[in-house]
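All remarks here apply to the structure that follows.
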Amino acid sequence: MNQKPAIPKDAAAVILIEPETNKVLWAQRNPALKFLGGYHAFAGGKVDVEDAEIEVKNCGDSETAKFIACAVREAFEEIGVLLVRNGEKLTKGQRVSLHDDLISKRMTFGEILTHWNLWLDAEDFLYTGFWTTPPFSPMRYKTRFFLVTCPPKQKPYQAITEMQNIEFIAPNEALNRWKHSEVLISPPVLITLQTLADDELQIENHKLEQNTKNEKPKNIAKILLKKSKQSDGQINFIELNPHLICFPLKTKTLPPATHTNCFIVGKKEFIVIDAASKSKSEQRKFHKFIDSYVEKGYVCKEIAISHLHPDHFGGEGILQKHLLEKYGLKVPISAHKLTAEALRGKVEIQKFVEDNEVFQLKDAAGEVFQIKALHTPGHARGHLCFYDENFGFLLTSDNVIGAGSVLIAPPEGNMSDYLDSLERMKNLPNLRFLCGSHGAVMIDARGKIESYIAHRLERERKILEAIEGGAKTPKEIVAQVYADVSPELWKLAEKSVAAHLKKIAADKELTQ
């Protein structure tokens with residue numbers, strides 16, 4: 001049963017510009033954070049009740065005032081920058097002291113402003129629109145963004161642990177890091193950086209007059225606001241790097257997940273992995289995106305299925321038919337041969353994907369790159385992962401996921417094979433990032449896989465202890481070993497216990 005998507009919470013953020021250099025401030029979110037951990041983003045956060053009580057001068061709208069107050073408070077909390085009027089009278093030491101008052105809750109932000117005769121002025125903030133976290137995320141925010149100039153003599157710093165590696169950076173340099181898969185950037189930040197970089201190039205090439213240069217922040221804000229309005233602040237996909245787009249599609253999957261990540265790898269030549277949704281509305285949305293590729297002259301080479309589970313197939317045949325009828329394109333559906341055998345009569349698969357098969361694809365510039373298919377059984381016999389070694393980016397399908405846990409259910413699932421597959425994945429050269437079929441990207445790919453291995457081995461140890469203590473059936477074992485799991489999931493846990501028991505028996509035979 002699918003869970004309902006989380007309701008977005010109100011939030012606000014600042015696009016902080018260094019006036020002397022036109023650089024923009026970004027920072028890496030602490031990798032331990034549940035929401036966008038490890039991503040590079042702007043300072044910001046969710047609205048507090050007290051934000052609505054803070055007066056913002058020259059602002060006739062109470063809602064806008066609330067979001068400005070939130071953005072200013074969050075910037076002060078996270079990076080120590082105080083975006084207020086009359087703040088120039090404060091010394092660096094005083095700002096640090098006020099920050100401590102706020103974080104320790106000795107004073108509210110409103111009390112600090114009143115006590116020190118500081119105030120917010122709406123004229124200092126250029127609204128650039130809002131963006132809403134997609135429905136697939138378990139944590140969602142509707143974030144309003146404001147463009148603002150950093151006050152003189154204030155240097156941002158890591159004021160709390162939430163943000164790290166804080167720096168002002170030229171938009172083009174930030175984009176270059178992303179283009180080389182050195183960083184992950186949240187979609188609103190990527191849109192902002194691309195807009196800033198476009199404007200930056202125009203100025204460098206002297207395409208703008210001097211009087212337009214002086215209006216640069218307003219021009220940027222207008223462009224960003226237009227982009228937000230055109231999309232109604234909605235984000236349907238995440239461009240993880242220039243080779244890879246994640247397009248989550250609503251499927252009938254296991255909770256807490258609500259969507260299955262469909263991946264589009266490549267541009268001028270691309271493949272689609274797990275176009276799984278059976279929903280007509282989801283298919284229309286996805287087909288519209290694929291149409292935008294085809295109409296640019298991009299070529300779809302293959303539509304792949306990662307494995308046999310029902311939340312990973314169902315829409316590929318509809319996409320294949322759509323491309324044939326609308327554009328006359330004959331695109332094969334592919335899968336591992338074991339998956340093809342299991343899906344016989346459900347999906348017509350024209351091509352088998354072999355272990356270590358290399359796909360030659362092209363990016364938007366026409367440069368050739370490779371992604372390799374890896375046969376990684378365990379969760380399913382014909383399970384495939386896909387690896388871009390140059391970018392260090394692994395698509396783990398259901399072997400490692402960002403939402404919930406992986407179910408290993410015999411007879412299709414095999415715990416020994418699964419642990420072997422995890423070891424293989426962990427040892428891939430240049431491994432940095434991974435993204436599974438459910439949930440978000442993880443930046444410490446090897447560490448995440450190691451934690452999966454450790455978790456499974458710890459479960460196995462506890463299962464052996466339960467057996468020694470007298471437990472005889474999977475149901476009895478689950479009651480002892482899975483006490484940390486909701487009883488509603490115990491039926492699924494029994495399947496994992498069965499997989500562990502088969503592995504334990506196989507290991508025992510090998511040692512005899």
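Computed over the chain, relative contact order equals 11 percent, with contacts defined as Cα pairs under 8 Å that lie 6+ residues apart. Compared with the dominant Cα axis of the chain, that is its longest principal axis, helix 280-294 is turned about 70°.
Equivalent-ellipsoid semi-axes (√(5λ), Cα gyration tensor) for the stretch 1-45, whole Å, largest first?
Those come to 29, 14, 7 Å.
Dividing the mean sequence gap of close Cα pairs (under 8 Å, 6+ apart) by how many residues the stretch 254-390 holds gives a relative contact order of 22 percent. Computed over the chain, the alpha-carbon pair-distance distribution with 20 angstrom bins reads 21, 48, 27, 4, 0, each value a whole percent.
With contacts taken as Cα pairs under 8 Å and at least 6 residues apart, the stretch 395-506 reaches a relative contact order of 32 percent. For K229, which lysines qualify as cross-link partners when the Cα separation must be under 17 Å and same-chain residues fewer than eight apart are set aside? Within the straight-line cut-off, K229 pairs with K142, K218.
Pairs spanning more than 18 Å between alpha-carbon atoms, out of K472/K503; K34/K426; K34/K66; K285/K351; K155/K222; K252/K280: K34/K426; K34/K66; K285/K351; K155/K222. Taking the charge dipole of the stretch 53-190 about its Cα centre, with +1 at Lys and Arg Cβ atoms and -1 at Asp and Glu Cβ atoms, the residue from A122, I68, S186 reaching farthest to the positive side is S186. Measuring r between the beta carbons of I7 and D121 and using R0 = 30 Å, the FRET efficiency lands at 0.40. Taken along the Cα-to-beta-carbon direction at a fixed 7 Å, the label points for K155 and D61 span 3.7 nm.
The angle between the Cα long axis of helix 445-468 and the longest principal axis of the Cα atoms of the chain comes to about 50 degrees, rounded to the nearest 10. Using Cβ point charges alone (K and R +1, D and E -1), the dipole size of the chain about the Cα centre works out to roughly 1000 debye. Net charge dipole, the stretch 306-433: roughly 280 debye, given to the nearest 20, about the Cα centre with Cβ charges of +1 for Lys and Arg and -1 for Asp and Glu.
Quick one: net charge of E74's neighbours, Cβ under 11 Å, K/R +1, D/E -1? The answer is -3. Averaged per residue, the stretch 206-344 has 47 square angstrom of accessible surface, using a 1.4 angstrom probe with ligands and nucleic acids left out. Using Cα atoms only, what is the angle between the long axis of helix 316-327 and the major principal axis of the chain, expressed in degrees (0 to 90) to the nearest 10? Roughly 70 degrees between the two axes.
Taking every DSSP bridge with both residues inside the chain, close to 65 percent are antiparallel.
Taking a straight line from the alpha carbon of K495, these aspartates and glutamates sit under 17 Å away, with near neighbours fewer than eight places off in the same chain left out: D398, E412, D417, E458, E460, E476, D484.
How much accessible area per residue does the stretch 386-498 have, counting only protein heavy atoms and a probe of 1.4 Å, in square angstrom?
45
Would you mind getting me the FRET efficiency between E468 and A32? Use the beta-carbon distance for r and R0 = 30 Å, nearest 0.05. It comes out at approximately 0.25. Toward the positive end of the charge dipole of the chain, with +1 on the Cβ of Lys and Arg and -1 on the Cβ of Asp and Glu, the farthest Cα among I54, W490, V148 is that of W490.
If you count only protein heavy atoms with a 1.4 Å probe, what accessible area per residue comes out for the stretch 1-145, rounded to a whole Å²?
Per residue, the stretch 1-145 has 47 Å² of solvent-accessible surface.
Protein heavy-atom surface of the chain, 1.4 angstrom probe: 51% of the accessible area is carbon and sulfur, with nucleic acids and ligands not counted.
Return the FRET efficiency for the residue pair R344, H455: r is the Cβ-Cβ distance, R0 is 41 Å, and the value is rounded to the nearest 0.05. Can you show the working numbers first?
Values: r = 34 Å, r/R0 = 0.84.
After rounding, the FRET efficiency stands at 0.75.
Pairs of Cα atoms in the stretch 365-478 fall into 5 Å distance bins, from 0 up to the last occupied one, in shares of 2, 11, 20, 22, 17, 11, 7, 5, 3, 1, 1, 0, 0 percent.
The values are calculated or read from the model by the stated rules, or taken from the named source; none is laboratory data. No experiment lies behind these values; they were computed from the predicted model shown. Cβ sites come from the backbone with ideal geometry, for glycine too, and all protein chains shown count toward neighbours. Heavy atoms of the whole protein, side chains included, go into the accessibility calculation; ligands, DNA and RNA do not. Shrake-Rupley method; radii C 1.70, N 1.55, O 1.52, S 1.80 Å.
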